[in-house]
1. In the stretch 112-149, which GluC sites (Glu not before Pro) fall in coil by DSSP and have 15 or fewer other Cβ atoms within 10 Å?
2. Please tell me the relative contact order of the stretch 197-369 in percent, rounded to the nearest whole number, where contacts are Cα pairs under 8 Å and at least six residues apart.
3. At 222 nm, what value in deg cm²/dmol follows for the chain if DSSP H runs of at least 4 each add -39500 (n - 2.57) and the sum is divided by all its residues, to the nearest 500?
4. To make sure I understand, if each residue's beta carbon is the centre and we count other beta carbons within 10 Å, what order do R80, R110, R327 fall in, fewest to most?
5. What does the charge count near I33 come to, summing +1 for each Lys or Arg and -1 for each Asp or Glu among other residues with Cβ under 13 Å from its Cβ?
6. What are the ³J(HN,Hα) couplings of the stretch 303-320, residue after residue, when phi is run through the Karplus curve with 6.51, -1.76, 1.60 and θ = phi - 60°? Round to Hz, x for glycine and proline.
7. Working out 0.36 nm times the residue gap between E181 and S213, then minus their Cα-Cα distance, what length gain in nm do you get to one decimal?
8. Using alpha carbons only, how many degrees (0 to 90, rounded to 10) separate the axis of helix 51-60 from the longest principal axis of the chain?
Amino acid sequence: MILQTPKQKIASSIQRVQQDDDVMELLAEIAGIDGSHWQLCVHPLLRDAPEWEALEKLANNALGANPFYDAIFLKAMRGRLIRKQEYHLVLWEIIGDEKVAKIAFPVQDRKTKSGNRLLRAYENEYSPSTTPLIDKNDADETISKFVQALDSAVEEHGLVLRIGNLCTDMPFGDNFLKAIEGLSANKSVTLNQKRAALFPEINNAGGLTGLSSKRQREHRRLSTKLSELGQLEFERVDEFMDVLLRFEEFLLLEVKGWKGRKGTSMQMLKKASVFARQAVTDFASAGKCEIFSLRLDGNAIAIVINFHQDGRNYPWKIAFDEKYANRSPGSVLMYHMSQELLTRPDFVMADSLAKPGKSWLSAIWHDHTSFNDIIVGPSNKVVNSVKNSIPLKTRLKDFAKKILGR
């Protein structure tokens with residue numbers, strides 16, 4: 001009989017798990033206090049396992065919501081947009097028989113040029129935020145344990161973790177940046193561009209104080225021009241059936257625009273439309289989805305799908321009728337929606353979800369959120385290799401879009 005060291009046991013466990021997509025994989029384990037211990041694990045996203053219930057609880061008790069890492073959203077993506085190479089990276093706290101998910105986020109499992117395993121926080125055009133979910137209870141201790149476990153996994157197995165476009169204005173991002181300063185592993189922190197956001201106004205509650213008088217006059221002018229064509233109304237719905245009806249209206253409005261002409265609207269992409277319908281339906285059922293629309297004589301000329309939780313808002317998708325493009329119905333709708341959000345007592349912020357940099361929404365929202373690309377790995381060579389591959393991949397994607405006309 002050959003005895004194995006703890007390191008060998010973990011390594012053999014990982015090797016065995018990689019041959020079986022249905023089994024949880026242990027990356028690192030560290031001791032806590034009072035008999036507790038912590039485990040950093042990888043779970044296949046495609047598997048319908050008991051841990052989903054724990055992840056749903058975490059989403060509802062998270063410090064700083066991220067609807068795109070909510071179990072509701074990820075379940076809607078399974079079998080449609082998520083493949084076998086996608087996993088859940090979860091930090092568990094275990095006390096006796098109780099197992100609680102403390103940090104969780106989906107990752108893509110890849111290889112670096114040097115052959116190291118690379119776990120990359122999941123993001124795509126439908127899931128544009130990479131902020132991990134973290135339990136609001138004892139968040140500082142949880143971050144500390146996560147960094148310790150990550151450090152161990154990097155040292156033991158040569159693991160590389162990349163969280164791209166991590167919002168450092170969110171509790172997790174800010175605390176994680178501070179915590180990794182003490183890592184023995186190598187790391188790279190790159191400041192990306194900022195993107196438009198809306199925060200509560202201090203000096204003029206209920207008003208967009210950052211908006212110049214000229215810009216406010218322009219919005220009044222656009223609203224007046226639209227009103228000349230018929231009865232103009234601003235509508236918000238959050239009741240379950242109303243949300244479902246307005247979402248179908250959104251899909252039809254989107255397919256009439258440039259996305260429809262290029263074949264990229266959700267209505268024209270079968271898997272995307274099924275996923276989106278389930279996500280909106282389940283979020284509406286949980287009270288986490290509302291739809292704003294600008295209506296002319298009862299017909300929608302602009303629609304915004306807004307996911308929200310604990311005062312944080314994420315206007316996920318917007319569509320407008322191009323027939324009225326010269327009157328900017330999308331801009332008028334966002335202006336009215338912003339005014340509505342600012343009147344809410346529990347309003348914390350709204351994220352534009354635009355690509356980092358300047359967007360059309362920057363003309364209305366003068367606040368911004370900051371983002372960092374964070375890479376943690378076993379050596380400077382490996383970390384720099386991953387870091388240098390990012391701009392190349394971005395250029396290749398942009399080139400492909402230009403060639404394909406998308």
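1. E125
2. Value for the stretch 197-369: 32 percent.
3. Calculated from helices alone, the mean residue ellipticity at 222 nm is -11500 deg cm²/dmol.
4. Ordered from fewest to most neighbouring Cβ atoms within 10 Å, R80, R110, R327 come out as R110, R80, R327.
5. With Lys, Arg at +1 and Asp, Glu at -1, the neighbours total -3.
6. Calculated HN-Hα couplings, in order: 9, 10, 9, 10, 8, 8, 6, 6, x, 9, 10, 9, x, 6, 9, 9, 9, 9 Hz.
7. 7.1 nm is the gain from fully extending E181 to S213.
8. 50 degrees
None of the figures in this text is laboratory data; all of them are computed from the coordinates on show. Note that this is a predicted model, so its numbers are computed, not measured. Virtual Cβ from ideal backbone geometry, glycine too; neighbours counted across all protein chains shown.
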